[in-house]
Protein chains: 2
Amino acid sequence: MAGLATPEQCWIPWMRRALQLAALAEGRTSPNPLVGAVVLDSDFRLVGEGFHARAGLPHAEPGALKQAGKAAEGGTIVVTLEPCCHQGRTPPCTEAILAAGIQRVVVALTDPDPRVAGGGLQRLRDAGLEVISGILASEAAYQNRAFVHRVRTGRPWGVLKWAMSLDGRTALPNGASQWISGPPARAWVHQLRSQCDAVIVGGGTVRADDPLLTSRGHRSPEPLRVVLSRSLDLPLSAQLWRQTTAPTLVAHAGSGNMETAPQANHVAALQAQGVELQKLDHCDPEHLLRELARRGCNRVLWECGPGLASAALQQDCVQEIAAVIAPKLLGGELARTPLGDLGFTAMDQVFSLNCEPGLSLGQDILMQAQVSAFAAPN
Amino acid sequence: MAGLATPEQCWIPWMRRALQLAALAEGRTSPNPLVGAVVLDSDFRLVGEGFHARAGLPHAEPGALKQAGKAAEGGTIVVTLEPCCHQGRTPPCTEAILAAGIQRVVVALTDPDPRVAGGGLQRLRDAGLEVISGILASEAAYQNRAFVHRVRTGRPWGVLKWAMSLDGRTALPNGASQWISGPPARAWVHQLRSQCDAVIVGGGTVRADDPLLTSRGHRSPEPLRVVLSRSLDLPLSAQLWRQTTAPTLVAHAGSGNMETAPQANHVAALQAQGVELQKLDHCDPEHLLRELARRGCNRVLWECGPGLASAALQQDCVQEIAAVIAPKLLGGELARTPLGDLGFTAMDQVFSLNCEPGLSLGQDILMQAQVSAFAAPN
């Protein structure tokens with residue numbers, strides 16, 4: 001078959017395998033994308049597999065090519081994302097592919113990174129290789145939706161999570177909220193955190209719940225814990241300040257707010273415990289996410305109260321909802337609900353979601369939804 | 001095999017068929033239970049089937065026996081509920097069974113009606129028949145949960161239905177609520193109404209939504225439409241007052257409230273349109289349901305606002321929840337939610353539900369839950 005054109009469908013099973021390999025590093029590659037690759041010899045036999053495990057470690061392609069060795073000559077590489085053509089922390093993958101004697105490159109997705117953006121495929125075509133792209137492009141774009149979103153918008157992909165009763169309450173009128181959901185749902189939230197680079201709350205959640213916000217060891221290092229606090233009116237003692245557990249960043253509105261004595265005391269006390277403070281030009285979700293993108297976050301988790309959650313939604317900082325619904329009725333006209341005001345006056349203005357069917361987590365039901373329709377690139 | 005003892009399991013498929021027959025009349029037999037029956041000849045061949053179609057029409061047993069004719073002699077009747085032994089609108093079924101020459105009676109559930117309550121089975125045993133009871137008793141009790149509940153408590157089984165956004169709102173802050181759920185979910189609600197004997201709202205829902213509250217022809221006659229109104233502050237013109245569509249009952253607090261001129265006018269205007277008024281000793285969910293039980297309702301549907309829904313829950317007038325969750329975010333601190341105050345101060349006080357997995361209705365998700373654990377009788 002070598003040398004003959006092959007129908008596009010024949011690449012689908014290999015691309016599916018490459019996507020599986022890429023998924024092995026889910027939540028650990030930021031700011032890089034997830035990438036998986038398989039190498040076939042000239043008789044279409046699998047001779048190499050690889051995936052990108054973590055930023056700073058080799059890309060998927062060199063690993064798969066190394067495993068293939070001389071069998072790669074005249075063969076095919078199937079890779080979930082366009083090979084890079086620039087020198088980063090590792091050398092360009094295009095050159096590794098050419099050096100290995102590969103004759104055909106099959107790609108799912110063009111890399112939206114402006115340093116690549118089709119340049120990798122062009123380099124390979126120019127060198128005389130057959131290049132096929134767009135195989136399982138939607139699946140690959142969905143797998144890398146956080147990376148793609150961050151590259152396109154300069155902000156990480158936002159997931160907003162809450163746990164509520166069937167009547168839509170996230171706490172009793174007196175503020176009690178432990179626990180609305182059961183142990184399996186709470187364990188799932190630890191897993192969700194392990195897929196995220198940062199977990200964000202507001203000052204109110206620190207004051208009310210004193211949360212830990214870790215993945216309970218599912219991720220190493222733990223995600224960055226972030227408090228967005230305009231006032232810096234934060235308790236001096238909180239689980240979040242223990243930096244041996246996980247790093248914590250307090251993002252705030254800047255020195256203008258810190259001139260009163262209590263705030264200066266707070267800052268000193270937090271800094272003494274190793275908490276990092278970050279001044280934002282504007283103390284809002286959008287500016288926080290730009291800062292977190294700058295720090296290499298692809299995906300962040302909002303675990304905040306209704307006011308901050310609404311602001312995050314309104315500033316397009318939430319792309320996905322994860323709502324745990326507990327089989328309970330709490331009631332209470334003044335009980336906390338997932339969101340605050342959104343300013344809608346007609347039903348055609350409201351946020352529309354693409355909801356997946358519910359998933360059972362013990363006695364609770366998990367509803368997952370995308371806020372804006374997901375648009376595949378290319 | 002005739003004359004030999006048969007293992008209980010052998011009756012299960014026949015009882016399942018009898019339950020299927022009973023279900024054919026779902027929502028149409030009140031105040032009577034659902035009942036299905038099959039007759040087997042002495043060689044265990046199916047020779048007759050019957051079900052109770054509507055109060056006043058024959059019970060399940062005579063229909064099945066009539067179909068069997070002489071083949072019933074020496075045979076078995078498998079019936080979902082204990083045969084009655086009293087003269088009601090139709091003669092006692094025990095006597096029909098004896099007259100047909102049946103030798104064995106297999107029953108799922110003892111009839112909780114105090115006029116029967118084991119007396120039917122005793123009559124058959126005394127006449128020398130083999131009587132086996134308790135086959136698929138849980139399934140039969142679940143099928144007749146509304147009837148059993150009404151007989152035991154003197155109140156119909158209550159279903160509380162609402163449609164909300166994923167953030168737990170049943171309206172926008174300005175009150176707009178049409179439509180939160182989509183056409184398939186609204187069609188499902190029409191089906192749900194067709195399974196109920198009455199649909200209940202408060203005065204606030206009449207004023208805000210001017211609802212129709214019919215099954216859109218799925219049930220004939222339409223369920224009774226009930227307005228529970230302490231104040232009788234009701235609009236003079238409303239879809240509910242058109243009695244050619246369906247009957248309407250306005251339950252109110254009595255003449256003490258009607259001495260002011262506007263209320264007297266309202267009463268006269270409603271009565272002129274054929275609306276029935278019913279004074280309650282106390283204008284609350286419990287007294288309303290006792291009145292509706294007296295009128296023969298086995299199952300009622302609460303489609304009311306948060307205040308009345310909470311009162312109904314607190315007075316143990318809600319046994320089942322049907323919550324439609326739309327993939328939307330409405331927000332709004334003052335937006336309406338499914339329930340009002342329930343007075344809870346700790347998580348171990350809240351209403352606990354047995355929730356079934358979500359069901360897709362178009363883009364919406366239907367969550368169905370039982371409020372109190374369902375206890376099978378016997």
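For this structure, a couple of remarks:
- Those aspartates and glutamates that a straight Cα-Cα span of less than 12 Å connects to A:LYS70, excepting residues fewer than 8 apart in one chain: A:ASP41
- Other residues lying with their Cβ under 12 Å from the Cβ of A:HIS252 contribute a combined charge of -3, Lys and Arg counting +1, Asp and Glu -1.
- The protection proxy used here, the mean number of other Cβ atoms lying within 10 Å of each residue, ranks peptides A:202-212, B:72-82, B:93-103 as follows, highest first: B:72-82, B:93-103, A:202-212.
- Extension gain, B:HIS218 to B:ILE132, is 27.2 nm, computed as 0.36 nm per intervening residue step minus the present C-alpha separation.
- Look at the stretch B:318-329: the mean tally of other chain Cβ atoms within 10 Å of its residues' Cβ atoms is 5.
- Relative to the longest principal axis of the Cα atoms of chain A, helix A:12-23 runs at roughly 40 degrees.
- Reducing segment A:136-191 and segment B:215-241 to their Cα centroids gives an inter-centroid distance of 42 Å.
- For the rotational copy pair B/A, the chain B residue whose Cβ lies nearest the symmetry axis, together with its distance in Å, is B:GLY168, 1.
- Summed over both chains, the accessible area lost when B and A associate is about 3500 Å², using a 1.4 Å probe.
- Close amide-amide hydrogen proximity is noted between A:SER133 and A:VAL107, each under 5 Å apart and 5 or more residues distant or on a separate chain (H modeled in the peptide plane; Pro and chain starts excluded).
- Per residue, the accessible area of segment A:181-337 comes to 39 Å² when a 1.4 Å probe rolls over the protein heavy atoms.
- By accessible area, using a 1.4 Å probe on protein heavy atoms only, chain B has 51% of its surface on carbon and sulfur.
- Whichever lysines have a C-alpha closer than 23 Å to that of A:LYS161, once near sequence neighbours (fewer than 8 apart) are set aside: A:LYS328, B:LYS328
- When peptides B:53-66, B:129-142 are ranked by their average number of other Cβ atoms within 10 Å per residue, the highest-first order is B:53-66, B:129-142.
- For segment B:99-174: accessible area per residue (Å², 1.4 Å): 33
- Histogram of C-alpha separations across the protein assembly as shown, 10 Å bin width, %: 3, 12, 17, 17, 15, 14, 11, 7, 3, 1
- Taking a ≥ b ≥ c as the square roots of the eigenvalues of the alpha carbon gyration tensor, chain A is prolate, as a/c is not under 1.5 and a/b beats b/c.
- Probe 1.4 Å, protein heavy atoms only - accessible area per residue of segment B:31-74 in square angstrom: 43
- Degrees between helix A:261-272 axis and first principal axis of chain A (Cα, 0 to 90, nearest 10): 40
- Across segment A:280-286, coupling constants 3J(HN,Hα) worked out from phi with the 6.51/-1.76/1.60 Karplus curve, θ = phi - 60°, read 10, 4, 10, 7, 9, x, 4 Hz, and Gly and Pro carry x.
- DSSP assigns beta bridges within segment B:11-110; of those with both partners inside it, close to 65 percent run antiparallel.
- Nearest 10 degrees, 0 to 90: helix B:183-194 Cα axis against chain B principal axis: 60
- Taken residue by residue and averaged, Cβ atoms of other chains lying within 10 Å of the Cβ of B:354-362 number 4.
- Remark on B:GLY202: its backbone amide H falls under 5 Å from those of B:LEU228, B:GLY305, a criterion applied only to residues 5 or more positions apart or on other chains, H modelled at 1.01 Å from N.
The values are calculated or read from the model by the stated rules, or taken from the named source; none is laboratory data. These figures come from a predicted structure and were not determined experimentally. Please note: Cβ atoms are built from the backbone with ideal geometry, for glycine as well, and neighbour counts cover all protein chains shown. The protein model used for the area step is the full one, side chains on, heavy atoms only, and it has no ligands, DNA or RNA in it. Shrake-Rupley method; radii C 1.70, N 1.55, O 1.52, S 1.80 Å.
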